[in-house]
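> One structure coming up, written as structure tokens, with questions to follow.
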Amino acid sequence: MTGAARERGIGRGIAECLADEGCDVAINDVGAADEAAALVAELQGLGRRAAFYPADVSDRAAVDAMIEAVEAELGPIDIVCSNAGVADWQGFLDVTEESFDRLVSVNLTGAFNVCQAAARSMVDGGRPGKIVVTSSVHVQMPFGEMSVYGATKAGLKGMVETMAIELAPHGITVNHVGPGWVRSFINDSSPSLQTDEEVAATLELIPAGRPAEPRELGRAAVYLCSSDGDYVTGEYLRVDGGFVVGKY
Amino acid sequence: MAVSIHGLPAALATAVEDAFSDVAVAGNVAVVGVDLSNGPDLVLLQHASWDDAIGAARDAFFAMQRAARSLAEGGGGCLIVLVPVHGLRTSRGCGVEAVVGSFLTTAAQVAAVELGSLGVRVNVLAVGPLEGEVDARTTDGVPIGRLARPADVGAACAMLASPQAGFVTGAVVPVDGGYAVTKAVGGSPFTDASTAAQ
């Protein structure tokens, strides 16, 4: 479970929901060791095995080492949730190479690194499995000032759909969940969500009238990772309170 | 009128130049493409091949940005981004094209959103399967009954650049003989390429 340590984060919500269903969980994040330790303790309190594996998903060698360590300590991986992501707000004409490289290396290459390494482990071990990628409503409705972020999420759709075709014969499903607005740390720096007025204006765009809770994404991931979802692959499950309905 | 071309394979670049040689086009035009090839399954893909594909996407993105700046400074114009049709409909063996095609399509649409007020239109042509890219079996899945030719791509560029398309921006136009609609016919024509890791 990558990108899982931060409080209020989608990854944490998914990790909690999977633990509720009986999963032992390897928590990955690039930092936030204190928050990770608290989450590990919380999941252990549920009777699950849990541990923190800090690694930068954009670093392929670090991902391979992490997968190896997880399997040595917690056992073979049955479920992978690739969730680590970063955002930036820049006009298209002003996108810097630094920002482009940061977003693409984490959101897109990082997901590729994690999904490929885990899929290889499942295939080599002859095990069925579930892969869930956190994409975004940007897959269907691009937003201004977020050309690279939106592009990375669209790229994930292409990756998920192709891997779904490749891995179905091995009993491995590959799907993506699409959060709309979640009150997570990643949105704290959104230039359009800084004032109460801006938050109210954004809520008016969401038919459900509220942001999502991270655990609502978690329940969607649980469905895709359960036997109920065995025949669901290459699919996109939006959890956005109707945010982009009628807009794509 | 000036036409700039970036990132296209030679045959496509020539066809685009030819298409603009005898048509009336209002304003300046930039055409940006990305040169990718079919590969193995993503699960088998070598990391260097992934990095090459991301590098190609990066090169195309910043070429789009430079072109858009130039068009905006010139008072407006038309930016056309050519992506593989697999960005719309993936197939086994086309993972890299699906990822990069989807990536550049969304980048182009955001650019269209931001640059409309500057008089810059941005549209996407989803192209393929091209002659030479796949074997003749692929025509089973193409309603028009043949593979895409460079001249088809050039003509579509001229269409988007024409005054008649002056209100068209953020569009994704398949130039694929209908392949994106019916690609399920005949399964994947690309699986031969998927058996060997690159």
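Coordinate-derived values only; no laboratory data. Since the structure is predicted, the reported quantities are computational estimates derived from the model, not experimental observations. Glycine gets a Cβ as well: all are built from the backbone with ideal geometry, and neighbour counts include every protein chain shown.
> Summarise the partner chain shielding of B:30-41 as one whole number: the mean count of Cβ atoms from other chains within 10 Å of each residue's Cβ.
1
> Follow-up. Any idea how far the Cα center of segment A:160-183 sits from the one of segment A:24-72, in Å?
That distance is 21 Å.
> I would also like to ask the following. What distance in nm separates the simple spin-label points at B:VAL23 and A:ALA208, each placed 7 Å from Cα in the Cβ direction?
Once both label points are built, they end up 4.5 nm from each other.
> If we sort B:124-132, A:47-55 on the protection proxy, mean other Cβ atoms within 10 Å, highest first, what's the order?
Listed from highest to lowest mean packing, they are B:124-132, A:47-55.
> Is segment B:1-76 rounded, prolate or oblate when judged by the Cα gyration tensor, a ≥ b ≥ c being the square roots of its eigenvalues, rounded requiring a/c under 1.5 and prolate requiring a/b larger than b/c?
oblate
> How far is it, in nm, from the label point at B:GLU131 to the one at B:VAL181 when both lie 7 Å from their Cα along the line to the Cβ?
Calculated label separation equals 2.3 nm.
> Let me ask another. I want the antiparallel fraction of DSSP beta bridges within segment A:90-234, as a percent rounded to 5.
Beta bridges within segment A:90-234, antiparallel portion: roughly 0 percent.
> Pop the C-beta distance of B:SER37 and B:ARG69 into the FRET formula with R0 = 35 Å and round what comes out to the nearest 0.05.
Plugging the Cβ-Cβ distance into 1/(1 + (r/R0)^6) gives 0.70.
> Please report how far the C-alpha centroid of segment B:1-24 lies from that of segment B:72-129, rounded to the nearest whole angstrom.
About 17 Å separates the Cα centre of segment B:1-24 from the one of segment B:72-129.
> What FRET efficiency comes out for A:ASP124 versus A:TYR223 if R0 is 41 angstrom and r is the Cβ-Cβ distance? Round to the nearest 0.05.
Taking R0 as 41 Å, the efficiency between A:ASP124 and A:TYR223 is 0.90.
> Something else: Over all residues in A:103-110, what is the mean tally of Cβ atoms on other chains that come within 10 Å of each residue's Cβ?
Counting other chains' Cβ atoms within 10 Å and averaging over A:103-110 gives 2.
> When only Cα pairs under 8 Å and 6 or more residues apart are kept, what is the percent relative contact order across chain B?
Here the relative contact order equals 28 percent.
> Cβ neighbours within 10 Å, averaged per peptide: list B:106-113, A:88-95, A:7-14, A:138-145 in order, most packed at the top.
B:106-113, A:7-14, A:138-145, A:88-95
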